[in-house]
Amino acid sequence: MSAAALPGNGLDAALGIVGTSVRRSDLAEKVSGSARYTADIRLPGMLFARVKRSTVAHAVIRRIDTSRALALPGVKAVLTHADVPRVLHYGSPMPRAASCTKDQYILDRKVRYWGEAVAAVAAVSEEVAEEALALIEVEYDELPVLITTEAAEAPDAAQIHGNEPDREALPGNLVAPPVRVARGDVERGFAEADLIVEGLYEGGRPTPAYMEPNASLCHWDEHGRLTVHISTQTAFMVRGAMAEVLGLPLNQVRVLADHFGGGFGAKQDLFQSEFLCALLAKRTRRPVMMEWTRKETFLGGRSRHPVKIWLKQGFKRDGTITARQARLVYNSGAYGSHGPGVTAVGTSSLTSLYRCDNVLLEGRCVYTNAPIAGAYRGYGVVQAYYALDIQLDEAALKLGLDPAALKLKNAVREGDIAPSGHPIVGHGLEDCIRRGMQEVGWASTPLGSSPDRSRAAPPKRPPQGALRFGWGLGCEMHGSSAYPGIKEQGNALVKMHEDGTATLFTGTAALGTGAHTALAQIVAEELGVAFESIHVVHGDTDIVPWDIGAFASHTTYMGGMAAKLAAAEVKRQLLERAAGLLEAAATDLEVRAGVVRVAGTDRILSVRDVMAPGRGIPSPHLVGHGSYSPTKSYSFAAHFVEVQVDVETGQVQVLQVVPVHEVGRVVHPVAAQGQVEGGVQQGIGHTLSENHEIDPVTGRTLNASFVDYKMPLAMDMPPVRTILLETAPDPGGPWGAKGIGEDPIIAIGPAIANAIFDAVGVRFRHYPITPEQVLQRLREV
Amino acid sequence: MSAVTRDPTDNAIFGRDDTRAVRCTVNGEPVAFTVAPYRTLLDALRHEIGLTGTKKGCDVGDCGACTVLVDGAPVNACLMLALEADGRAIETVEGLAGAEGELHPLQRQFMRCGAAQCGFCTPGMLMMAKALLAEKPAPSETEIRFALAGNICRCTGYTKIVEAVAETAKEAAQEGQAPR
């Protein structure tokens, strides 16, 4: 059913429950300590599993001897590549091909990165399991280690993959065929330009660093049925991958995913250890818990793709962009994971944000012997818009224009074709920039009318000692949903009970965003009943309807629409039943605040009374199913940032952030703000301090801890004054609502880099921008 | 809480039958348990005593998710051996609410302000905030931020956490009493 055809999907409807910060249903459990996470579970007879990880980055295992480990008292099973099914699978259980690469075995004879699993142990305690790991002897025949994409793309480079029978053969170390996007004529565009700006932009290796280390708990019953408790964003995808690799029908795998401690995209993947956990449980016929250490989340987890982007644009004197050409090279690490998807989404994102008719883009994703890059909040776009937005700032300087005015002039508008191929709805980006300028006092100077570089930004604070101050603007747009890369689907069931309360069954994940509260708000709004009368059931693939999982900023947009459709169906049944009782036509009935009324009259009946069992009539049981496959909508943001640069220490401090986000319809203001504040925090970290460091010779991880991998702490975070706009509602989401999850991490980076330039006149084209680099560059100028 | 089940061979190996008795109070209740000498207080709380509200985010004292109070002082439970708890008073997130289940003001304000997202750092944040307010009933925003600097949150940007702690202090001041 198309959303536009849905009755009551009024984009400008006045709503009572949607749009208010109702009490979030998950927080009572979280503040009391009763919220259960996978590693909290203990089952009778449970064993503990640990993974042995490689100490080389690229090698073939010559010999692996587990006899001493097996002889250790308390060890119940050891698995190596010789003991596990040799099934090639997608590292991420996403819908195939377009996003992910089929290039992984549960365990392989070949090792492709430092820290890859080579064996697994199940024992009576974590300590015994850990001790057993040390007793497993592995000898390697080492191969050349390729850490950079340059090394991996050299003509004589060793092949990291290539011998897998089911894998599409590609030249060199390419993960997937290069992505090429061409629109218009770049040659002509550059010829028409008054100014050409060109540069190389580089992104480091930030990691999601979710607070809950990965965990899974597997057990099998007497009928050969597998149950998996797991910290995942995509329970049904885990079920699918487990079933496929272990050769089970889908109804013989049950995945339970209750609360989990953050994922940010990375917990869409499977990490070898879940399969090992299931196989160890099968072999020992006991429940097996596999809980990662913090260190393992760095070694075996997923990072953002390090990237090198060469970007060239042509500009007219008035700021019009005449041509844009780019080459993007994403470093996938040892496996493909989401490489193809990230490359496609990131590359094609450069067709948009700032209008340009002549575009030529090429994106490549390359295997190296680095740890695996994967899906991470912002999915390829963080890198691309970092380059694009900084280059707009550079161009503004050269053209003598105000950067905000240049960005406004070129901002995508209603009807422009988005990266997905869909026309943009509304003027969301323009609205964000204008509103933010107003908020921070960035004068709205007409293009070209102001003197000297037209720095119309808010008044700079004067230098204080070694401190310099500056303002920057960064912009972004991001799709809700992964369409057209993959076709997603969300489903919901709503049951209304005999007393008028209702239960929503949803397959969406409890990522911690408050999404289930938002879904309950949507159901309550649609049904016309109190928010408190909705209960949400989630996290059990045996019970809830299929859902593709939580990613691509689509939970409220897609899962919310599925919930709305399910509720609309229940409402239809409810009003049909009420029509009989009120002796009126169902079409004349309205329901609000738990009361059904014959429109325009005082003939009313409470929902409870409508649902009450009649004399001798069995209790009714209304059920509605909603299924929704979205196409695409885009959310927009402009982030305004003030920084302070200490020219003696190189330290950059963000003093304040004003993120302005256009999200169509705000369902839960506090939860939406929370998404923005958290995204800003991660973005500040990525831009200024976070980088998963790899030794360039050995491929060894150098900073696998929260002391050495430096994230913003409470005292590092500036005030964040979030502004949410509802100026471009999209008919594809419930009452116009669009995504918000990924957007806030994208615009903050270029905003900071641009603000540093404003403060000290030094242009940084990479992240993280560390104090050492700031100092060094300051000395050079 | 699910019982801890051990393999019968567990204690027989590596001299790990050398468990010791620990007596302490946890959330005001006297507790006695035996524990291997290498067990941390964190593992003992979670899996010997069954209070899994306290979380393991790093196990090396970097993240603060396992913050509990020991004789009123905030401690990373992953850095303290369970044996050291003998004779001490331990407070965990499960002890914040009152006997009738009424929420602690910090819990109420965390909910009201939306100061939790994934919830994994929340128990540690609450305990650290409790320790702060016990020492400084009216902290400045900077004092709150520095007090929480050892507790990493990856979801919220800390904005609403700081707000929730400040609101709790304000509420207590208006009622003329320090929070419990």
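The values are calculated or read from the model by the stated rules, or taken from the named source; none is laboratory data. On a predicted model such as this, the values are computed, not experimentally measured, just so you know. So basically every Cβ, Gly included, is an ideal-geometry build from the backbone, and we count neighbours across all protein chains shown. The area values use the complete protein model at the heavy-atom level, side chains included, leaving out ligands, DNA and RNA. Shrake-Rupley method; radii C 1.70, N 1.55, O 1.52, S 1.80 Å.
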* Select from segment A:7-27 the residues that are open to solvent by 40 Å² or more (accessible area, probe 1.4 Å) and not hydroxyl-bearing (Ser, Thr, Tyr) and write down the one among them that is nearest to the other protein chains (Cβ to nearest Cβ). => A:23
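Can you work out which of the residues in segment A:45-69 that are more than 30 Å from residue A:161 (Cβ to Cβ) and in contact (Cβ under 8 Å) with a residue 40 or more places away in the chain is farthest from the other protein chains (Cβ to nearest Cβ)?
Quick first cut of segment A:45-69, residues more than 30 Å from residue A:161 (Cβ to Cβ) only: A:45-48, A:67-68.
The next check asks that each one be in contact (Cβ under 8 Å) with a residue 40 or more places away in the chain; those that pass are A:45-48, A:68.
Working: A:45: 6, A:46: 7, A:47: 8, A:48: 10, A:68: 15 Å.
Only one residue fits best here, namely A:68.
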* Asked: Checking residue A:278 against (1) within 17 Å of residue A:216 (Cα to Cα); (2) in a loop (DSSP other than H, G, I, E, B); (3) open to solvent by less than 10 Å² (accessible area, probe 1.4 Å), which test does it fail?
  -> (2)
* Do we find that residue A:286 is within 14 Å of chain B (Cβ to nearest Cβ) and more than 18 Å from the chain's Cα centre (by Cα) in this structure? -> yes
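Go over the candidates B:115, B:129 one by one and state the one that is in contact (Cβ under 8 Å) with a residue 40 or more places away in the chain, more than 8 Å from chain A (Cβ to nearest Cβ) and either under 29 Å from residue A:208 (Cα atoms) or touching a helix residue (DSSP H, G or I) at 6+ places or on another chain (Cβ under 8 Å) (or both). Show your work before the answer.
On the way: B:129 fails: in contact (Cβ under 8 Å) with a residue 40 or more places away in the chain.
Just a single option satisfies the conditions, and that option is B:115.
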* **Number of the exception - residue B:166 against (1) within 11 Å of another protein chain (Cβ to nearest Cβ); (2) of a type outside the set (Lys, Arg); (3) in contact with an Asp or Glu (Cβ under 8 Å, 6 or more places away or on another chain)** => (1)
* Asked: Could you say which residue among A:667, A:676, A:680 is in a loop (DSSP other than H, G, I, E, B), at pLDDT 95 or above, under 28 Å from residue A:488 (Cα atoms) and of a type in the set (Val, Ile, Thr)?
  -> A:667
* **Of all residues in segment B:40-72 being over 24 Å from residue A:29 (Cα atoms) and in contact with a strand residue (DSSP E or B) (Cβ under 7 Å, 6 or more places away or on another chain), the one that is nearest to the other protein chains (Cβ to nearest Cβ)** => B:61
* Asked: Any residue in segment A:92-102 that is farther than 30 Å from residue A:487 by Cβ, assigned to a loop (DSSP other than H, G, I, E, B) and either in contact (Cβ under 8 Å) with a residue 60 or more places away in the chain or of a type in the set (Asp, Glu) (or both)?
  -> no
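Criterion first (open to solvent by 10 Å² or more (accessible area, probe 1.4 Å) and in contact with an Asp or Glu (Cβ under 9 Å, 6 or more places away or on another chain)) does residue A:516 satisfy it? Before you say what the answer is, go through the steps one by one.
On the way: open to solvent by 10 Å² or more (accessible area, probe 1.4 Å): yes; in contact with an Asp or Glu (Cβ under 9 Å, 6 or more places away or on another chain): yes.
Yes, satisfied.
Does at least one position in segment A:477-487 carry a residue that is at pLDDT 95 or above, of a type outside the set (Gly, Ala, Ser) and open to solvent by less than 30 Å² (accessible area, probe 1.4 Å)?
Applying the first criterion (at pLDDT 95 or above) to segment A:477-487 yields A:477-478.
Next, from what is left, pick out any that are of a type outside the set (Gly, Ala, Ser): A:477-478.
Filter again for open to solvent by less than 30 Å² (accessible area, probe 1.4 Å), leaving A:477-478.
Within segment A:477-487, one or more residues are at pLDDT 95 or above, of a type outside the set (Gly, Ala, Ser) and open to solvent by less than 30 Å² (accessible area, probe 1.4 Å).
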* Would you mention how many residues in segment B:138-149 are within 20 Å of residue B:111 (Cα to Cα) and either charged (D, E, K, R) or open to solvent by 40 Å² or more (accessible area, probe 1.4 Å) (or both)? => 2
* Has segment B:92-112 got any residue that is modelled with pLDDT under 95 and within 11 Å of another protein chain (Cβ to nearest Cβ)? -> yes
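Identify, from the list A:49, A:3, the residue that is open to solvent by less than 40 Å² (accessible area, probe 1.4 Å), among the hydrophobic types (A, V, I, L, M, F, W, C) and modelled with pLDDT under 95. Break it down into steps so the answer makes sense when it comes.
Details: A:49 fails: modelled with pLDDT under 95.
The unique qualifying residue is A:3.
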* To do: Any chance you could count how many residues in segment A:379-419 are open to solvent by 10 Å² or more (accessible area, probe 1.4 Å), under 23 Å from residue A:330 (Cβ atoms) and among the hydrophobic types (A, V, I, L, M, F, W, C)?
  => 1
* **Conditions (1) at pLDDT 95 or above; (2) within 30 Å of residue A:557 (Cα to Cα); number of the one not met by residue A:730** => (1)
* **strands (runs of 3 or more DSSP E) (entirely within segment A:553-649) containing at least 1 residues that are of a type in the set (Asp, Glu) and surrounded by 24 or more Cβ atoms within 10 Å (Cβ to Cβ)** => A:633-646
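Residue-wise test of (1) charged (D, E, K, R); (2) touching a Lys or Arg at 6+ places or on another chain (Cβ under 6 Å); (3) open to solvent by 10 Å² or more (accessible area, probe 1.4 Å); (4) without any contact (Cβ under 8 Å) to a residue 24 or more places away in the chain.
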position	(1), (2), (3), (4)
A:286	yes, no, yes, no
A:295	yes, no, yes, no
A:304	yes, no, no, no
A:308	yes, no, yes, no
A:311	no, no, no, no
A:324	yes, no, no, no
A:329	no, yes, yes, no
A:345	no, no, yes, no
A:359	no, yes, no, no
* Asked: Within segment A:354-366, how many residues are out of contact with any helix residue (DSSP H, G or I) (no Cβ under 6 Å at 6 or more places or on another chain) and either closer than 16 Å to residue A:387 by Cα or in a strand (DSSP E or B) (or both)?
  -> 4
* Structure fact -> Residue hits (segment A:683-721; within 11 Å of chain B (Cβ to nearest Cβ), among the β-branched types (Val, Ile, Thr) and open to solvent by less than 30 Å² (accessible area, probe 1.4 Å)) are A:684, A:720
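Listed here are the residues, each with its yes/no results for (1) outside the structural domain of residue B:160 (by TED's automatic domain parsing); (2) modelled with pLDDT of 95 or more; (3) in a loop (DSSP other than H, G, I, E, B).
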position: B:65; (1), (2), (3): yes, yes, yes
position: B:69; (1), (2), (3): yes, yes, no
position: B:118; (1), (2), (3): no, yes, yes
position: B:125; (1), (2), (3): no, yes, no
position: B:129; (1), (2), (3): no, yes, no
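Here is a yes/no grid of residues against (1) acidic (Asp, Glu); (2) in contact with a strand residue (DSSP E or B) (Cβ under 8 Å, 6 or more places away or on another chain); (3) part of a loop (DSSP other than H, G, I, E, B):
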site: A:344; (1), (2), (3): no, yes, no
site: A:376; (1), (2), (3): no, yes, yes
site: A:404; (1), (2), (3): no, yes, no
site: A:430; (1), (2), (3): yes, yes, no
site: A:442; (1), (2), (3): no, yes, yes
* Select from segment B:20-63 the residues that are assigned to a loop (DSSP other than H, G, I, E, B) and more than 27 Å from residue A:292 (Cα to Cα) and list them in ascending order. => B:27, B:28
